[in-house]
Amino acid sequence: MADYVISKYAIIRDARIITDVGTFVIPDGDDDGKKLKQIYKLLEVDYPKFYKMDRLSKLAFLTAEFLFKESKVLEKYAPHQVALIFSNASSSLNTDLNHNASIMDDTNYYPKPSVFVYTLPNIMLGEICIRHKLRGENVFFVSEKFNAEIMTITVIDMFKLTRHKACLIGRIDYDDNQFESSIFLIEQSANPQPKDLFTTRNLEKKFYKFAGKNIKTNGRTI
Amino acid sequence: MEELFKKLKAGIIGVLNLEDMEVEDIETDDPLFNEGLGLDSIDALELIVMMEKEYGLKINDPKKGKEIFHSVRTIAEFITKNQ
Amino acid sequence: MNISHIVSDNVITSLGWSTDDNFKNLANGNSGIKVGHYPYLSPVKFPASLIKKAEISAKATALDIDRDYTIFEQLLIISISESLSKTSIDIKSPKTCLILSTTKGNIDLLKNNPQGFNKDRLHLWKSAQLIGDFFRTSEIPLLISNACVSGVLALNTADRLIKLGRCDHVVVAGCDVLSEFIVSGFQSFLSLSEDICRPFDQDRTGLSLGEGAASIILSNRRITDSPFIEIVSGASSNDANHISGPSKTAEGLYISIKNTLEEVRDIDFISAHGTATLFNDDMESVAIDRTFLNHVPVNSFKGYIGHTLGAAGLIESIFCFESMRKNKLINTFGFKSHGTVKKINVIDETKTAEVNHVLKTASGFGGTNAAILFKKTDG
């Protein structure tokens, strides 16, 4: 049986978008909303639904778009064969605060369904699945730090016990007006490079590979 | 009525995050759902919130909402009839 | 490959503080959903299944957790303590895992924080850490937050950890408390019924919310008395259709059920998600129809305890265990006449029946769906 490898990745951190096929610089934007729009324009895709998403889902969507940019990798798989196992530290807190703001004032009480629907962290999985027509398993964990061991075990065991052939592992965080995200594609390869083999160690290495000293998670430096 | 059409179109663009759209881009009689702007069920619910917030009109049944929101004109007619 | 055996469980809802009390009320046809005015939840009247605050306070005080833990955390600690008290499993062991499931955790603190908890309590990982510390677990508990399928996903995750020998035992616990945050959101979706919800009924108008907590202890060893209940398999899938509207062809639930039921075909009972919204119940009937399970007795428990969100998958799975233990199929409270697009066999009266294989399903915002299959053996 062929080995599993981390075959592709896309990481958005600080001012860069780093993928296995190239690095892009994030254009300057006044605020996070504008920054995300600029990244979207970089992609040159036409997906109006993007504008309805909250910032967390936009971030996840954009990262996945860079991962699959000009790649036909998904064509190898049927929709139900590709799973998504994601995690983050902040759940949907940024959007939670928006929804909460809409119910703070009894005299101006208009909760918005288009905001409320995004007050769950797994919605980003839905957005990625809708975009790329993926129908495999979806699981969303919340953990303070990226737990490479748990992600590796969960995905390896899923491959052993189910018919999935590929999996996206993601870590997408938007909190305290800082965003960072990573998505890795795990699939089989006949000729894997040792550094790409799907192991806890390699996943961790790739996750932190481009982490500079400015990387924070929940206000803490990793 | 023209003023109301304009106000509604601007409201729709704002409330539904229709990026890069202007008031002139929305035809008064074009269907808003399925074809035309291709709005979905969450958009319909947002329009219900807009109706209550901006026009003081409460719509409790999403099905009734779909009829009222057929086009900008039908929304305007509903508002004119009920205010 | 190991098997996940159900060793112990506990349910906390408006219907009581134990699995027994809850199931007794179900069997007697008592619903815990009451239409009322709950100002801390909503400016308008609505039906809700609420746990009495005074009772939570009393139980928390008895465990000395009333000051340092939020209500959400108290309920989890109480439920896990209760389940643990019925076994000799050591939650501190490195071979015991703890998995938690919730949608919104302490989100009620955003508007209602009289005890002045630090804002880091809004983070689900913080609650997980504190609960892990309370029970002195070897590892930080896993926490799954995946809309209303969180409970079933937590069970599936636990099952796989045991199957492949990563853990000997897993404690799975879930909880959601109601808050204005949650209620107002569902109200903005116009998805709440005005009276007690009516799953699968032709006049259904929406869901009723509930709060609850539950815990289930799984072991790779069969250490209970007969009957023995085990997890056979489970799966999950995304509709890839819409983030809030269920797929009209029930893609995700269909795939979840198909992947769960690969070999076993003899299902005695389906505990469906059955929220009583127009679209969810129709979608579930389509999935049941596509998998040729139309004849299988199916119910929803949500007319008794409401939709308990992150706890639903666990609470309702425990009701499945009780149905197997007592060979009893529970009536679908609120159901009167068929109203789903595909014909399904809704249980409309509580009755005795041979219940050996039970399928539990769940669906949620984000197009997420999950299913799990339980099996009972007598020896």
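Points worth noting:
- Scope segment C:223-270; condition at pLDDT 95 or above, hydrophobic (A, V, I, L, M, F, W, C), assigned to a loop (DSSP other than H, G, I, E, B) and out of contact with any helix residue (DSSP H, G or I) (no Cβ under 6 Å at 6 or more places or on another chain); matching residues: C:261, C:267
- Hits in segment A:71-86 - residues which are over 18 Å from residue C:239 (Cβ atoms), more than 18 Å from the chain's Cα centre (by Cα) and not basic (Lys, Arg): A:75
- Being more than 30 Å from residue C:111 (Cβ to Cβ), at the interface with chain C (Cβ under 7 Å from one of its Cβ atoms) and either β-branched (Val, Ile, Thr) or not in a strand (DSSP E or B) (or both) is a description that applies to residue A:135.
- Checked against the criterion of being touching a Ser or Thr at 6+ places or on another chain (Cβ under 7 Å), surrounded by fewer than 18 Cβ atoms within 10 Å (Cβ to Cβ) and in contact (Cβ under 8 Å) with a residue 40 or more places away in the chain, segment A:123-145 has at least one qualifying residue.
- Residue count for segment C:194-247, restricted to those that are surrounded by fewer than 24 Cβ atoms within 10 Å (Cβ to Cβ), among the acidic types (Asp, Glu) and within 14 Å of chain A (Cβ to nearest Cβ): 0.
- Counting only strands (runs of 3 or more DSSP E) that fall entirely inside segment C:1-66 and contain at least 3 residues that are under 21 Å from the mean Cα position of the chain (by Cα), the qualifying elements are C:4-12, C:46-49.
- Looking only at segment C:73-130, and only at residues there that are outside any helix (DSSP H, G or I) and among the hydroxyl-bearing types (Ser, Thr, Tyr), the one that is nearest to the other protein chains (Cβ to nearest Cβ): C:103
Let's see how each residue does on (1) in a loop (DSSP other than H, G, I, E, B); (2) acidic (Asp, Glu); (3) in contact with a Leu (Cβ under 8 Å, 6 or more places away or on another chain); (4) under 29 Å from residue C:194 (Cα atoms):
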{"site": "B:19", "(1), (2), (3), (4)": "yes, yes, no, no"}
{"site": "B:45", "(1), (2), (3), (4)": "no, no, yes, yes"}
{"site": "B:57", "(1), (2), (3), (4)": "yes, no, no, yes"}
{"site": "B:60", "(1), (2), (3), (4)": "yes, no, yes, yes"}
{"site": "B:76", "(1), (2), (3), (4)": "no, no, yes, no"}
{"site": "B:79", "(1), (2), (3), (4)": "no, no, yes, yes"}
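Condition check ((1) at pLDDT 95 or above; (2) aliphatic (A, V, I, L, M); (3) under 24 Å from residue C:236 (Cα atoms); (4) surrounded by 23 or more Cβ atoms within 10 Å (Cβ to Cβ)) across all residues:
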{"residue": "A:154", "(1), (2), (3), (4)": "yes, no, yes, yes"}
{"residue": "A:173", "(1), (2), (3), (4)": "yes, no, yes, yes"}
{"residue": "A:182", "(1), (2), (3), (4)": "yes, no, yes, yes"}
{"residue": "A:190", "(1), (2), (3), (4)": "no, yes, no, no"}
{"residue": "A:193", "(1), (2), (3), (4)": "no, no, no, no"}
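- Yes/no for residue A:50 being surrounded by fewer than 24 Cβ atoms within 10 Å (Cβ to Cβ), modelled with pLDDT of 95 or more and hydrophobic (A, V, I, L, M, F, W, C): yes
- On the stretch given as segment A:113-122, residues that are assigned to a loop (DSSP other than H, G, I, E, B) and either surrounded by fewer than 20 Cβ atoms within 10 Å (Cβ to Cβ) or more than 7 Å from every other protein chain (Cβ to nearest Cβ) (or both) total 1.
- Within segment A:22-41, not a single residue is closer than 21 Å to residue A:192 by Cα, among the hydrophobic types (A, V, I, L, M, F, W, C) and surrounded by fewer than 13 Cβ atoms within 10 Å (Cβ to Cβ).
- Residue match in segment A:94-109 (condition: touching a residue at least 40 places away in the same chain (Cβ under 8 Å), under 30 Å from residue C:40 (Cβ atoms) and over 18 Å from the mean Cα position of the chain (by Cα)): yes
- Taken as a whole, segment C:307-328 holds no residue that is within 25 Å of residue C:248 (Cβ to Cβ), among the hydroxyl-bearing types (Ser, Thr, Tyr) and touching a residue at least 60 places away in the same chain (Cβ under 8 Å).
- For segment A:55-69, the criterion of being free of Cβ contacts under 8 Å to residues at least 12 places away in the same chain, over 30 Å from residue C:257 (Cα atoms) and within 14 Å of chain B (Cβ to nearest Cβ) is satisfied by no residue at all.
The values are calculated or read from the model by the stated rules, or taken from the named source; none is laboratory data. Since the structure is predicted, the reported quantities are computational estimates derived from the model, not experimental observations. Counting neighbours? That spans all protein chains shown, and the Cβs are built from the backbone with ideal geometry, glycine included.
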